[in-house]
Structures are given as C-alpha cells and as structure tokens.
1. Would you mind ranking SER88, SER47 by Cβ crowding within 10 Å, fewest neighbours first?
2. Just tell me which lysines come within less than 19 Å, Cα to Cα, of LYS89; anything on the same chain fewer than 8 places away is out.
3. When the chain is fully extended, how far beyond the present Cα-Cα distance does ASN38 get from ILE62, taking 0.36 nm per residue of separation?
4. Could you give the length gained on full extension between GLU86 and VAL113, defined as 0.36 nm per residue of separation minus the Cα-Cα distance, in nm?
Amino acid sequence: MGIRKTLVVGGIALLALAASSLPGEAGVKPGDFITPDNAAQVKDIVSPGVYYKVQHGMTMKIVPTVRVDWPPPYKDATEKYSSQVELSKDHRTVVGYVAGQPFPLIDANDPDVATKVIWNNVFRPIQSDDYDLRYFDCDTVYTGYNKPFF
C-alpha cells in the first residue's frame, strides 16, 4: 500500500508541475493598460510588428475576449452558394464562387484539402493587416506622424 500511495502522490505532483508549465494566462487581464514601460507583458502574445509599435509609443487597453461571428450576410451567402463552388482543373481559381466561404465543409481525407483551406482564407469575412513577419531586413523605419525616418 505504501508504494501505491507514493505513486499516486508522485503522479499528482507531476500533473501539478505539468499544469503549471502549460501556457495559460498571458500575463495581462482585462483593464490592463500597456505602454512602452510595460510592453514586455505582451511580447509573447502579439506579433513582432505590434510589439515594436508598443515599444515606440503605441498603447493598448486590454479588453475581455469575445466571440467574433461571421457577419450575417457572409453566413447567408456561404449557405446559399457554397454547394456550387469547385476548384478549377489547375486549382488556381474557384469556379461558381459568388460570395461567402467557398468550402465550409472540408473532408480531411480530400486530396485538395490544403488548397481549399487556402481559398477559404482568401475569401474570409474578416481580414487582418497584421501579418506576422519575423527576421526581415529593414533599412529604414518610420515611427510616426511628423517624425523622421531612421
């Protein structure tokens, strides 16, 4: 019985250690205000470009997360038109696309799964201009209105 108890206690300790090392809270919570002075709090949760801007004067107010659903017209168009969409023979375009997400239901075993995922990304309803580009060479930097390039 002593070995069993030791194994159980050891297992619980191991689980507690593993749980504490899992990524969880990002170090920020709703209501926090991020400035250049505490920018390090968001370094691992924002893209390098956003982190650079915070270091150089941009501020961020942390707000609670919310679910962002598809806009109703996009959802309606997906339901109405997606059944008629197919890939062209060379996969460089979609045939029959009108609006919405072209391939809302993709079988993981479909040999064209990757191409369809990319087409869904091209026609997604919400775009971001903050692509995560790392380790690029930049000769000049412009940090803001009425500030010089350096």
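1. Neighbour counts put them in this order, fewest first: SER88, SER47.
2. LYS116
3. Result for the pair: 7.4 nm of gain on full extension.
4. The span from GLU86 to VAL113 would gain 8.5 nm if fully extended.
Since every read-out is calculated from the coordinates, none of them should be taken as a lab result. Because the structure is a prediction, the values reported are computed rather than measured. Note: ideal-geometry Cβ built from the backbone for every residue, glycine included; neighbour counts use all protein chains shown.
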